[in-house]
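J.: Take a look at the following structure, please.
The values are calculated or read from the model by the stated rules, or taken from the named source; none is laboratory data. Everything numeric here is computed off the predicted structure, so don't read it as measured data. Backbone-built Cβ (ideal geometry, glycine too); neighbour counts: all protein chains shown.
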Ligand code: 6GU
């Protein structure tokens, strides 16, 4: 990837481009980053690149001719041109990942009051902000983006694992880290981390990540696949209202459930007397476990420990918004049974607000897949 930064302060970037991980990536040719001095494209004797803003109170704006010449000097028509500005759209990991697919970027740093808007309209492809605060110029946001991009380039960050494990990669915050000494200022490292039990450690890290996200950034939950962050398994329960069940539809449901990491699909008849008929019909679908009643379904899902959290994907009844249901699921972390069809009752039950469509009803297979995607789909 090639990145050119157009700036009035190229020396501002020099230590960034020659130090640490980014410096090594530049040196090894993994990324090609250059800072170009906007003043080299100034007009007149004073290397002037800006002028008073029209209608302003004395602020300065970089002149369009200067920007145009500087951009032309980069010499490539298909580079994506970026302008860091507090009025841009917020830079997220998703946006960084999208920009990482580009071959070439040009980042134009404004100072003072920014760039002439006509140039922005004519030549800038994307305006981005790095957060809700105001900086004196675009250099730090330019370096922020370059840093985030470079760690996505294979080979830049030592262990590939640490890239995929980090905050936001799975859509949730990272777990806290510790190093030696194991006791510091009277504080011990959580015992599980020194236990050597890899499975327990992994579970602990996932749970702390989940709780950190719940308490600090619940807004991130909407785009995260939370399956890995639960301690126990997730089951799908289908309550069948009549003895006429379509085995191929049920097979489709089992397939969707499997794709999203659901441990097992359980089917129960609404009326106990239909159990034999149901079991016969589903004899050809061994992926689905048949039980005689909704109560048995609940018991089965919770068999290892306590009762499962019941999430009811209700067809019509009012219920909690799905993101709240997802939050409860992560918070509970225990076995979960997501049911479709006639709703079970009791403790530990969340009725989910029905999925809204703009016309008509979803077929059952689609309803199950759409519901599971809200909880266990990756962004
Ligand atoms: Cl991209 N530029 C400036 N000047 N200030 C900012 C920003 C960018 N993002 C947040 N604050």
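J.: Would you be able to say whether some residue in the stretch 13-29 is in a strand (DSSP E or B) and surrounded by fewer than 17 Cβ atoms within 10 Å (Cβ to Cβ)? Step through it out loud before you land on a result.
T.: Residues of the stretch 13-29 that are in a strand (DSSP E or B), as a first pass: none.
The answer is no, given that none of the residues of the stretch 13-29 is in a strand (DSSP E or B) and surrounded by fewer than 17 Cβ atoms within 10 Å (Cβ to Cβ).
J.: Read through the list (1) touching a residue at least 40 places away in the same chain (Cβ under 8 Å); (2) under 28 Å from the mean Cα position of the chain (by Cα), then give the number of the only condition that residue 241 fails.
T.: (2)
J.: Is one or more of the residues making up the stretch 353-372 in contact with a strand residue (DSSP E or B) (Cβ under 7 Å, 6 or more places away or on another chain) and either at pLDDT below 85 or over 14 Å from residue 236 (Cα atoms) (or both)?
T.: Yes, some residue in the stretch 353-372 is in contact with a strand residue (DSSP E or B) (Cβ under 7 Å, 6 or more places away or on another chain) and either at pLDDT below 85 or over 14 Å from residue 236 (Cα atoms) (or both).
J.: When the stretch 108-123 is examined, which residues are found to be under 16 Å from residue 34 (Cα atoms) and more than 10 Å from the ligand (Cβ to nearest atom)?
T.: Of the stretch 108-123, the ones under 16 Å from residue 34 (Cα atoms) are 108-109.
108 - this is the single residue of the stretch 108-123 that is under 16 Å from residue 34 (Cα atoms) and more than 10 Å from the ligand (Cβ to nearest atom).
J.: Looking at 249, 258, which is the one that is assigned by TED's automatic domain parsing to the domain that holds residue 329, at pLDDT below 95 and assigned to a helix (DSSP H, G or I)?
T.: Values: 258 fails: at pLDDT below 95.
Among 249, 258, only 249 is assigned by TED's automatic domain parsing to the domain that holds residue 329, at pLDDT below 95 and assigned to a helix (DSSP H, G or I).
J.: Quickly run through the stretch 69-98 and pick out the residues that are within 12 Å of the ligand (Cβ to nearest atom) and in a loop (DSSP other than H, G, I, E, B).
T.: Answer for the stretch 69-98, where residues must be within 12 Å of the ligand (Cβ to nearest atom) and in a loop (DSSP other than H, G, I, E, B): just 91.
J.: Considering only the stretch 37-58, state which residues are surrounded by 12 or more Cβ atoms within 10 Å (Cβ to Cβ) and assigned to a loop (DSSP other than H, G, I, E, B).
T.: Step one: filter the stretch 37-58 for residues surrounded by 12 or more Cβ atoms within 10 Å (Cβ to Cβ), giving 37-43, 47-53.
Matches in the stretch 37-58: 42, 47, 49, 53.
J.: Test residue 135 against the stated conditions and say whether it is under 26 Å from the mean Cα position of the chain (by Cα), at pLDDT 95 or above and within 16 Å of the ligand (Cβ to nearest atom).
T.: On the way: under 26 Å from the mean Cα position of the chain (by Cα): no; at pLDDT 95 or above: yes; within 16 Å of the ligand (Cβ to nearest atom): yes.
Considered against the rule, which asks whether it is under 26 Å from the mean Cα position of the chain (by Cα), at pLDDT 95 or above and within 16 Å of the ligand (Cβ to nearest atom), residue 135 comes out as no.
J.: Still on this structure, please answer the following. Could you list, in sequence order, all residues of the stretch 74-95 that are more than 28 Å from residue 219 (Cβ to Cβ) and out of contact with any helix residue (DSSP H, G or I) (no Cβ under 7 Å at 6 or more places or on another chain)?
T.: Of the residues in the stretch 74-95, the ones more than 28 Å from residue 219 (Cβ to Cβ) are 74-79, 81.
Those that are more than 28 Å from residue 219 (Cβ to Cβ) and out of contact with any helix residue (DSSP H, G or I) (no Cβ under 7 Å at 6 or more places or on another chain): 74, 75, 76, 77, 78, 79.
J.: If you don't mind, there's one more thing I want to ask. In the stretch 261-284, what residues are over 17 Å from residue 363 (Cβ atoms) and buried (at least 20 other Cβ atoms within 10 Å of the Cβ)? I'd like the intermediate steps shown before the answer.
T.: Pass one, the stretch 261-284, residues over 17 Å from residue 363 (Cβ atoms): 261-264, 266, 268-284.
The answer is 262, 266, 268, 269, 278, 282.
J.: Moving on. So residue 208 fits all but one of (1) within 21 Å of residue 373 (Cβ to Cβ); (2) modelled with pLDDT of 95 or more; what number is the exception?
T.: Going through (1) within 21 Å of residue 373 (Cβ to Cβ); (2) modelled with pLDDT of 95 or more one by one, residue 208 breaks only (1).
J.: Does residue 325 satisfy the criteria of being in a loop (DSSP other than H, G, I, E, B) and in contact with a strand residue (DSSP E or B) (Cβ under 8 Å, 6 or more places away or on another chain)?
T.: Details: in a loop (DSSP other than H, G, I, E, B): no; in contact with a strand residue (DSSP E or B) (Cβ under 8 Å, 6 or more places away or on another chain): yes.
No.
J.: Residue by residue through the stretch 359-379, note down the ones that are over 17 Å from the mean Cα position of the chain (by Cα), touching a residue at least 24 places away in the same chain (Cβ under 8 Å) and either part of a helix (DSSP H, G or I) or under 27 Å from residue 172 (Cα atoms) (or both). Break it down into steps so the answer makes sense when it comes.
T.: From the stretch 359-379, those over 17 Å from the mean Cα position of the chain (by Cα) are 359-371; that's our starting set.
The next check asks that each one be touching a residue at least 24 places away in the same chain (Cβ under 8 Å); those that pass are 363-365, 367-369, 371.
Residues satisfying the conditions are 364, 365, 367, 368, 369, 371.
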